[in-house]
Every structure is written in C-alpha cells, then in structure tokens.
4 protein chains.
Amino acid sequence: MNREVTVGLIGAGVMGADHARLLSGAVAGARVGGIYDVDEARARRVAQDSGARPLIDPLKLIADESIDAVLIASSDPTHEEYVLAAIAAGKPVLCEKPLAPTVAGCQRILDAETAYGRRLVTVGFMRRHDPGYLELKRALDDGDIGAPLVLHCVHRNPTNNPGQPSSNVITNSAVHELDVSRWLLGEEIVEATVHTPRPARAAGGTADPQLLILRTASGTLIDVEVFVNAGYGYEVRCELVGETGTVQLDTPSATVARRGGGTTRSLPMDWRPRFAEAYRAELQHWVDGARRANPPAPSPAATAWDGYVATYLAQACVQAFETGGPVAIELPNRPALYQP
Amino acid sequence: MNREVTVGLIGAGVMGADHARLLSGAVAGARVGGIYDVDEARARRVAQDSGARPLIDPLKLIADESIDAVLIASSDPTHEEYVLAAIAAGKPVLCEKPLAPTVAGCQRILDAETAYGRRLVTVGFMRRHDPGYLELKRALDDGDIGAPLVLHCVHRNPTNNPGQPSSNVITNSAVHELDVSRWLLGEEIVEATVHTPRPARAAGGTADPQLLILRTASGTLIDVEVFVNAGYGYEVRCELVGETGTVQLDTPSATVARRGGGTTRSLPMDWRPRFAEAYRAELQHWVDGARRANPPAPSPAATAWDGYVATYLAQACVQAFETGGPVAIELPNRPALYQP
Amino acid sequence: MNREVTVGLIGAGVMGADHARLLSGAVAGARVGGIYDVDEARARRVAQDSGARPLIDPLKLIADESIDAVLIASSDPTHEEYVLAAIAAGKPVLCEKPLAPTVAGCQRILDAETAYGRRLVTVGFMRRHDPGYLELKRALDDGDIGAPLVLHCVHRNPTNNPGQPSSNVITNSAVHELDVSRWLLGEEIVEATVHTPRPARAAGGTADPQLLILRTASGTLIDVEVFVNAGYGYEVRCELVGETGTVQLDTPSATVARRGGGTTRSLPMDWRPRFAEAYRAELQHWVDGARRANPPAPSPAATAWDGYVATYLAQACVQAFETGGPVAIELPNRPALYQP
Amino acid sequence: MNREVTVGLIGAGVMGADHARLLSGAVAGARVGGIYDVDEARARRVAQDSGARPLIDPLKLIADESIDAVLIASSDPTHEEYVLAAIAAGKPVLCEKPLAPTVAGCQRILDAETAYGRRLVTVGFMRRHDPGYLELKRALDDGDIGAPLVLHCVHRNPTNNPGQPSSNVITNSAVHELDVSRWLLGEEIVEATVHTPRPARAAGGTADPQLLILRTASGTLIDVEVFVNAGYGYEVRCELVGETGTVQLDTPSATVARRGGGTTRSLPMDWRPRFAEAYRAELQHWVDGARRANPPAPSPAATAWDGYVATYLAQACVQAFETGGPVAIELPNRPALYQP
C-alpha cells in the first residue's frame, strides 16, 4: 500500500527536469529510477540532481524491471511510440500533452490500451489539478451559478516561437482550453469557428492572437482568446457564466506592492509558476494511483480518451481556422474502456 | 459667457426625471424651464421637484422663446420628430439613444442638420463620459499598450423585459458597445457575426445572452457578451488588448465588506449608479456647449452622425443574428458636417 | 427656492482656485461673485477663469451686498478673522480646515455664532462627503458589522514639507482622521497616545510617519498611521472592525493595466483626484443650504463645533506626541446651538 | 542522500493528523513510523490512515531505533519533555509552537541542545514558509521598498475559546506575529505596549480584540490587531511600510463569484487552508534537512532560539497587557550555537 513507485523518465528538457525535481523533492512515494534524453549530457545532469541513473535506450528503460511507471516528456512526435511501449510493458504512463500529434496516432493508443484491457495512460493536462479550476467545477456542480451558458477563456504568453505555423497556436496552446472546457462542462464540443484579428507584430507572421468560438452539445458557448506573443506576462483566465451568476479564476497573487504611483500585483513570465501546484498535484495523484495508495483519491486526470479528443478538437479548430467557416465536429463513440 | 441655459425636457420617465434632478441640482449653469410628458401627472410631478413648468404640447415647448436647449428622453419612436423640431428651432438638443430607431429616420435628421448648417444634435451615449472609458481611450491614444488587437466587452443586466424580441437585446443594450467601441478605437466596424448559446430560462424566450463578434476596418476584433437577464447584478466590462499590454475597466467600488466567510464588493442592480458620474459629466458638457462656456472643454459626446452609425450597426447585427452568417457592413460616406 | 447663490471667495491658491472652478463649472445654483487673495495677480487670474470680480479688500468683499455666502480658502491664521466677519454679516460661510489653528480662536467663533443665534459656519472636512466614507457610515448605522471595536486608518502623501514641525503632521494631516473618525463613530475621542518609529529620511527631520492610538468614550480603539512623505503616492485607507464583520474603503480605480510583468492600478499623487467627488458634493450641499433648495438634503457637513473639536483633538495629540504618554481628553460641553 | 526518513509522531489531534496526512501523502522522502497520543483510539485511527504503528509510550517511540526524526504536536505543556527526549536521542525534532510555554522551559531546551553541540530542534512557526511572507522578505531584502518603518499586522479567527484567559490571545495567537515580525525584519523587538478596546461580546469575557504596539531595536514600529472571535472568517494580513513603498500580503483566492448583487471572494474558516502550502513546505524542508538531501535548501525555519524568543516576547506582551504601560524587553545574549 505504501510502497515507493520507481519512475522511468523519458525526456529531460524543461518539463522533464521539472518533473524529476518534483518527483524526488515534493511528491510522496516516488523516486526517479532512470532517465533518458536524446541529449545524453542533459539526461546525466538531471539524473545527478535527482539521484537516478541516466540510460541511453528509452525502450529498455521502459521495459526495465526496476521501473514501475513511465513519465513521458520528450518531443511531441515521439510520444506515441513510448506510450505504446509502456502499455506493452503493462506500466502506468503519464504522457505530457499531446498524447500524439495526430488523431490516427491517438487512435492506435486507444486500441492498444483497449487490447490491454485496463487503463494505464494519463495525459498531462495539468490544469485539471489547478485549485482554481477545481473550484470552478465544484461551484458549477454544486449549482452555485445555475446551468452554464457561456465560458470565457483567455490564454496569454509573453512570447512563444514567433513565426511558427499558425496552427501551432491551437495545437500547442489553445488545446489546454479545449481539454479543460470539456472537462469543466462535462460535455463535448460540437462546433468550432476561429476569428482572427490583424496579427501582433511580435508574432512574426503567425496568426496570433486568435479567437476561438466553440459550441457544446447542450448549447453552451465557449470563447477563447489565445495570444501567445502578448508581451506583458503569462496569464490564464476563465469565467463561467451561468443562469444565476458567474464564477471565474482569480489571479493568484501572494503579495501586492505599492511603488511609484501604483499598486501592482506581479504576473509570472511563464506557465510553470502559475501552475506549480497543479503540476505537483498531478504528479502526486498519478503516483498515488500507481502505488495504489490506500485507496487513491478520485483523480480529475485526463485519460487516453481525453487525449484523443483533445487532438481531435485541435485538428477541427485548425480546419476552422483554415476554412474560415464553422466546422461541425462529430466525435466517434467513446470506447467502453473510457465510459465513466 | 456665464449665462444660464434654460432646458426644455421632453419625457419625464425614469431617465427624464433623473436628468431633471441633475440639471437642477448637480449641473452648473442650467435650469429646467418646461417639461412635457405623455403622462401629464408625471410631468407635473417632475416639474414640481425641479422648479419647472409642466407643458402639454411638446412642439410648443421646443419652440418656446424661453427655452434655450432641448433634452429628449421620451419613447424611442418619438425621438425623430422632436429632434427635427429642435433643429427647426435652431436649438441645441440632447437626445437619449437611439437618435431614431430606423436608419431612414436618422438619415432625415442628418439631412435636416446639414441643411441647418451647424451641429445642434448630441446623442446620449453617456459611456463616452465615464471616467473609466476615458482612461481606456487615453491609455490607447498615449501608446501605453501598443496598437489595439482585441476588445473584450461584457454587458449584463439583472433583468430586462423577458420575452422581448431578440433584436431588442442588440438595439437597446448592445448598441452601447457598438457606439463606445468605435469611439474608443477611432474607426468603423465593417463586419458582424452573432453567436447565441442556449438562452437563459429567465429570458422568457428571448435569445439572451448573445455573443457579438465584430471586426473593424483595420482588423481589430471586438467580442461582446450581452446578457440582459443575468440575474446577479448590473455590470459592464471592457478590456482593450494591445500589442504590448492591456487596459481594462475596473469595477468601481467604494467599499469592501467582510462578512460570513467572504470578502464582498457590491454590484449595482441597474445602470444608473454605475454611470452616475457619466450622466452628470454628459449633461455638464452639453450645458457648457449650449452656454458657450468660456470656452467649452472639448467633448467626447456623440453627434448625429454617431447616432446614425449606431442605429446602422445595430440593424446590421440584427441581420447577422437572423441570418447566422457574417454580415459585411458598408457605411455611406460621412457627411462633411461631421468630419472631425 | 431655485435662486442662484453668489459666493465671495477669500483665497485663490490651489484650493481656492479649485473651489472657484467647481462653483462656476460643476455645481448647480452658484456663481463666484468676487475673489480676494493676498496675491492680487493670483486673484485676477482665478477671477477671470470663473467670471468673477477680483477685490482688494477681503472684509469689504464679505460685507458686499451682492455676496450671499463666503468661502474661505486663505492661509490658516486668517480663517478666524474672516469667519467672524461672515458671521457679523449674517452670511453662510464655508471655511477650509482648520476653523482656526487655536482652540481659543475656535471658541471665539463658537461664541460669535451662538450670539448670532443660528448656524452659519461649515468647516471643509470634505471626507464626510466621500462616497466611500458615507458607505462606511451607512454600513455601521445599518448594523451590517455589529458594534464597532477598532477603526484602522492610513493616511499617506507622497511628499509634504520635509522638515516641517512634527506637530504639523497632526494638525494639518491627521486632523482629517480625527474629524472623520468621530463623525463615523458618532462619539467623542477621550484619550490619545502617539507612537513614532525612526523617521523616514525623506521627511527631513520631521517625525514622520506617526502612529496615533485613540480611544473613544465607549471604548472603540482607533489607530492612524499618518505618513506624509511616503513617496509612492497619495492614499487614504479606513477599515471599521465590528463585532461580526468589517467594512473598509476600497481604493477607487477606474481602470487596471497589464504591462511589463504586472497588473497595476494607478494611485493619485495628491488628495484632489482622490476626493474630487467629495469636494463637489461638499460645495453642492453647502450651496443647496445657502439657497434653501427645496428642501436641502440633510448634510453630513462639519459645523463650527466640529471644527472646534478637531482643533482641540489635534492639540491633545500634539501634547501626546510631545509627552510620550497617553493624554486624557475632556471636551467642554457641546453648546446648545450644536445639539443634534 | 535519497533515503527515506522515518518519523515518530507525538500527538494525533487536529494538527498531528494533518501532519501525518502530509508526511505520508504530500512530502517526498518521509514515512510515519509510529504514532503516540494520550488518546489511544485517536492514535490508532491516524496510524491506520498513514500506514504507521500506534505506540503507547511516547518516550519509547522517540528512542526507538527505527525512528529517524520526531514530530511533536501534543499539548503545549508536554512539549519540553518530548523535545528534551529527542535531543537526548540525538534526533531531529520538529515541535509545534510553543517550544515550551515558559521561558525557563525554553531555556532548558537551549541548554540541552547546546550541550549536545548541534542544532536538532525546529519550531513549527509555519508562516516563515508561506509564499506570501517569503515574498515580503525578499522584497524587503532586495530593497524594493527602502528601509522598513512600520509593519501592520492583522490576525483574525472566526472563533477561539470564548472566555479563555486574555493572555492566551497573546501566547496562542499573536505569538505568530511576534515570531514572523522579527524573522521578517531581521532584528529584535525591544518594547511592547498593549491597547485594548471594549471586548467583543462573542469573546465571552476575554480581552479580544487586542492591539499590540511593538518597537524594534532599530526603531521600526509594529502594530498587531489580534481578534480571535471576529466571527466572519480566518484572515491574516501584513503590510510592510518602507521609506519608498510598501508590500503586503494579498488575500490568496482561487476564484471569485458573482451572485446576488455582489462580487465575492471566499475566506477560509480556519488557518489550515490559508497556510496549507506553508505546512507542506515546512515539513518538506524539515524532512530534507533530516535526510541530508543533496544538499538541503537553506530553510527559513525557526530554531530553538527562535522558539525561546517567541515565548519570551509573548510573556513580555502579557506583562504589557496586565500593567497597561510600555514594557522594555531585554533579551539575553544569543548563544553561540544560534549565531547565524
């Protein structure tokens, strides 16, 4: 019940190193056993900090007997292969988003997990573990604001790959809102339109910002401003408008300063300080599940099906962006393994 | 220079009575000379409070020699006739929005004012006098946030004629955002789309809330959530997103209370407390202009042309609501009298 | 009932010029008839802006038949003489604080007004007209927070005469809190202690900041941080702690900006923007009283007795500052003319 | 380096159970080995949840070979005995505040630790690990606000033992401010005065609220409102006023709701949600130190000396409360073991 989970980490970049630090220093019941990265030196560095072994073969790392669970934070196109290997080894696997960059790749993972017969895959949509989003969901589910009608979302980064393909703004960034909206509302998105203003000069040619308008099966409207070269800071906002009231994320701020003619609350310059607690809780939930802690608390974490839907919706939004018109979205049926 | 302006008031309902109270008790250089209302008793009541004469013929009131300027707060369909009468009398006239409910009616007013040869008409879009909107405009014009990209607007009332025609949500309520957006951005709106979620049950069949997506000539996007049966209170929000930062209306609040497990700021239940200072400033500006105060400060007030455009845009949005698709908007040329 | 009040203005410095601007441009029912200032050129300048006559003899201005009411904004030591002259002329007079710098001077005014037999004097403690303070008082009087226990006050200026006598921090600045606290609580202050930290270097030797601890007759504690060389901006805070909750002034802010890693609300650099509405309401109330507007609304304005008590309390606090120990305060009886 | 620390827990009440839950479920590198409580059933219950053994002899638990470190959350008067036992066993010990209720008891612990020759004792002043207080300290140390002049503190509980001895308000509650103020300012408190208003009726005879005025060696003033029967919620505020600006704790809030005419942020009803992250970080720091993690991050945690000073200051404040006058505080010299 209380045994320690030994994690194999694939990918030791910014996110992987953060996960290693959390697993070895801020999460109960876990240790990092082995680390692989395409950049061997990087793997060694992170391994040293977390007391793990660096390994040079990711598939051997996944298969290694000493490894209880797999955490994937490598580049997007490699996710599918490693997730499939973890399923083949029968090990719990937490994969950073996206589950796979293509719907077909996600489908192969659904098929493999279904064939295995038990859920092993978690997708790293960490916002589901953020205290603010959890309070939003609780307020909605408790009836605090009546039935939902509109969900307003804002997602801004100070800078993010100016000149990148415009579709990346959706698949890399807005995909967080696609996932968290359907989780929050408990229903599927059935239509998408993308409006774009004149792009920001700092975006280097990328269509940024973008305004996504989504409709759910029951008729709730979602609008998402995603603006990844907004300059001034990192910020995520979300307001859920119900029939009798609204509830929205507050901007968490530990202190407020008065200086030079103003009262100022600081904003972080990237997403990690904003979602620090979400990342910690995500890993703790995942480790608790892997060690079958006594019993694990119900987790809001994203399944492989959620990962599939996120990629599916992102592709539909890219199509809406490219065609200009509304795109109707018809998801395949949810496989039995993922029924609630 | 400092003489007193004697105002003839047409309409003594909620807005008219408020105007009479302000003119006689909170605005320098004005007195209410005569008051007309279709309901004679109501006219008498308001006249008594403000020391004015009640009159039974609105056109005689407008033409009366003792009257220097005309304030119209009667029902929407009557605006055109009274504005035309004021122009015919060569008197400054402040008309509550809409200038006229139809584009053709507004056109007749433009024609009459052009024939008269000097601007006499002001339209009561009071938000242009709100300290918050004025600060937004100053911040934009000073370059505080770079070039504008997106303007987010929210307009909520606790309740507003459940069951009214869905077009009224646009022509009565969202029309404020149509006017204030083009004033703020200093350019015209060229395209409109209206998205609607499942309507609120409290709206009694009216399509409410609505989400308007507007595009300006230079490519700025405007989104407006208008929700006039939102239940919880009256609230207007506006955030202008620029290339390097954003500026938004704060929710003005004189006090904050701590009671029963929460920290609460009160919201007003209608628009008048929220825009009290805007109404006062609007009237003071108008009176200053009418008495040629020494010299009058430049006023952000809406002209007859602005009133024409507001009605034009509202009609285009109604069409967008009815057709579902984007509607391209091509305004006629701005007549010479209204060039800046 | 609706006639215009002609005001004689004594003092055309910063405050006097502001009052002239408000009376001629933002207050109903008033005009500035004549203006006196020790600096003739200054009087002429302000007179020109407000359409008044400059006069070279203040006592003749007060006595002039054309003058209905007197507004005193000259230097503190001159207040007594002009107030007494206005009483002698039987004219309503609004005197900027202090009513007089000495208790004896205030007493002479009480005596003169009592001899005259009717209240003519208003003291310019404008905070009583601030929407925030009025909401605090309403919340207390409505029982929103139970019986009051503690009142926390903060009063900060960016800079204010570095090197001035330390007693001025009390008599010029904290005196506002002395007045507004007893008005808010509806009872008298009976004891004062003054604690001082190491002074701010920017204060140039003045004991600044200071921390006043006051006790009311019923046992409510008041603490006041007054810091007039605080550098960063002008700010007034007030929190009233009751048996079941608290209510405090919010920092009014029209907009909020996001730039450069922070969310910022601006602070004014002096008291006039912060209390703009309070000054306007104060003058309107005073003018309404002078013209016997139909009927004037009950005014929270400070009487000569309030002015006397403010000077009395300020002197007691200066004594507490100088002696270090608590000073018991025993006011004389309130004269009959000032009974509620 | 990465080995697991086995903790012996003394006391399984509210705080003890919370610590057990955190150690077994949210802290890296720890397990709860054994639990003692005067109430055996309570020990068994908590032991079961955290996978530990319940023990019936606290001194045997502390001495047990399997126990690496000791966490004391039993009743205040028992702290001294258990801390001394842990020192005797040469084991790191985290003791909830107070270190001991008397100065003499704290002295015996200092003597024992000095005799042992190495610091083993940490006192559970968790606020030093709160992100807000850490930001305050960083802002001060970075010179963001210039030299400190005044520190305003507010400490409110909804309810806390009405009728308890008035000294408990200081020794149980205000003691947190005594500790965190001297940690924040990095200097000692040398004088204390206590002012009390009329007590709240809900306090059942206890002198509550109280207003402590403290002075540091360098002349900074600290005021503390402590009000433990404030009714409406749990709230801790702290504003540090410097020569050029101020920085204060914000009220952390994950969401904001709009309902029924107001905008509301929730307040917790006790201290645990407010300081959840502080408790987690405190335990993680302590565990990291005990397992000599690689290397442990420098910890802001309170030492036995800090615990001694907190009790010393609390006693001086009780004396100030009882005598009414200012009490000069002269601490003994800091023993060599506790020099920075």
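The values are calculated or read from the model by the stated rules, or taken from the named source; none is laboratory data. Not measured: the values here are computed from a predicted model. No Cβ is skipped: glycine too gets one built from the backbone with ideal geometry, and neighbour counts run over all protein chains shown.
Tabulated values for the structure
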quantity	calculated
Residue identified as small (Gly, Ala, Ser), under 30 Å from C:GLN248 (Cβ atoms) and in contact (Cβ under 8 Å) with a residue 40 or more places away in the chain among B:ALA278, B:ALA320, B:ALA310	B:ALA278
Residue in region D:253-270 that is at positive phi, in the same structural domain as D:GLN210 (by TED's automatic domain parsing) and crowded, with 21+ Cβ neighbours inside 10 Å present	no
Residue ID - nearest to B:VAL169 (Cα to Cα), chosen from residues in region B:295-340 that are touching a strand residue (DSSP E or B) at 6+ places or on another chain (Cβ under 8 Å) and of a type in the set (Asp, Glu)	B:ASP306
Selection status of B:PRO158, part of a loop (DSSP other than H, G, I, E, B) and under 21 Å from B:THR251 (Cβ atoms)	yes
Candidate set from region B:115-141 (those that are among the charged types (D, E, K, R) and within 11 Å of another protein chain (Cβ to nearest Cβ)); member that is surrounded by the most Cβ atoms within 10 Å (Cβ to Cβ)	B:ASP130
Of the criteria (1) farther than 30 Å from A:GLY143 by Cβ; (2) within 20 Å of the chain's Cα centre (by Cα), which one D:ASN333 fails	(2)
In region D:161-188, the residues that are assigned to a helix (DSSP H, G or I) and out of contact with any strand residue (DSSP E or B) (no Cβ under 9 Å at 6 or more places or on another chain)	D:SER167, D:ASN168, D:THR171, D:ASN172, D:VAL175
Of all residues making up region C:216-230, the number that are surrounded by 24 or more Cβ atoms within 10 Å (Cβ to Cβ) and either at the interface with another protein chain (Cβ under 7 Å from one of its Cβ atoms) or in contact with a strand residue (DSSP E or B) (Cβ under 6 Å, 6 or more places away or on another chain) (or both)	6
Test result for C:LEU84, farther than 30 Å from D:THR244 by Cα, surrounded by fewer than 24 Cβ atoms within 10 Å (Cβ to Cβ) and in the same structural domain as C:ALA12 (by TED's automatic domain parsing)	yes
Residue match in region B:1-23 (condition: free of Cβ contacts under 8 Å to residues at least 40 places away in the same chain, more than 19 Å from the chain's Cα centre (by Cα) and not in a loop (DSSP other than H, G, I, E, B))	no
Top-ranked residue of region C:24-51 - restricted to ones that are aliphatic (A, V, I, L, M) and assigned to a helix (DSSP H, G or I), ranked as surrounded by the fewest Cβ atoms within 10 Å (Cβ to Cβ)	C:ALA41
Looking only at region A:231-254, and only at residues there that are farther than 26 Å from D:LEU134 by Cβ and more than 21 Å from the chain's Cα centre (by Cα), the one that is farthest from the other protein chains (Cβ to nearest Cβ)	A:GLY242
Residue check, C:ILE109 within 22 Å of the chain's Cα centre (by Cα) and β-branched (Val, Ile, Thr)	yes
Residue within region C:96-108 that is away from every other protein chain (no Cβ under 14 Å), under 22 Å from C:LEU283 (Cβ atoms) and surrounded by fewer than 24 Cβ atoms within 10 Å (Cβ to Cβ) present	yes
Meets criteria (over 30 Å from A:PRO148 (Cα atoms) and under 15 Å from the mean Cα position of the chain (by Cα)) for D:ALA328	no
Matching residues, region D:255-284, being charged (D, E, K, R), in contact with an Asp or Glu (Cβ under 8 Å, 6 or more places away or on another chain) and facing chain A (nearest Cβ under 9 Å)	D:ARG258, D:ARG259, D:ARG265, D:GLU277
Positions within region D:202-215 being under 17 Å from D:VAL327 (Cβ atoms) and facing chain C (nearest Cβ under 9 Å), in sequence order	D:LEU211, D:ILE213, D:ARG215
Region D:317-330, residues that are in a loop (DSSP other than H, G, I, E, B) and buried (at least 16 other Cβ atoms within 10 Å of the Cβ)	D:PRO326, D:ILE329
Among the residues listed as D:LEU134, D:LEU110, D:LEU61, the single one being assigned to a helix (DSSP H, G or I), out of contact with any Ser or Thr (no Cβ under 6 Å at 6 or more places or on another chain) and under 21 Å from D:TYR308 (Cβ atoms)	D:LEU110
Matching entry among A:GLU235, A:GLU239 (being among the charged types (D, E, K, R), in the same structural domain as A:ASN161 (by TED's automatic domain parsing) and closer than 21 Å to B:GLY231 by Cα)	A:GLU239
Hey, A:THR246 farther than 30 Å from C:MET269 by Cα and of a type in the set (S, T, N, Q) or not	yes
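Yes/no matrix, rows are residues, columns are (1) closer than 17 Å to C:GLU177 by Cα; (2) β-branched (Val, Ile, Thr):
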residue: C:VAL236; (1), (2): yes, yes
residue: C:VAL247; (1), (2): yes, yes
residue: C:PRO252; (1), (2): no, no
residue: C:GLY260; (1), (2): no, no
residue: C:ARG265; (1), (2): no, no
residue: C:MET269; (1), (2): no, no
residue: C:ALA278; (1), (2): yes, no
residue: C:ARG291; (1), (2): no, no
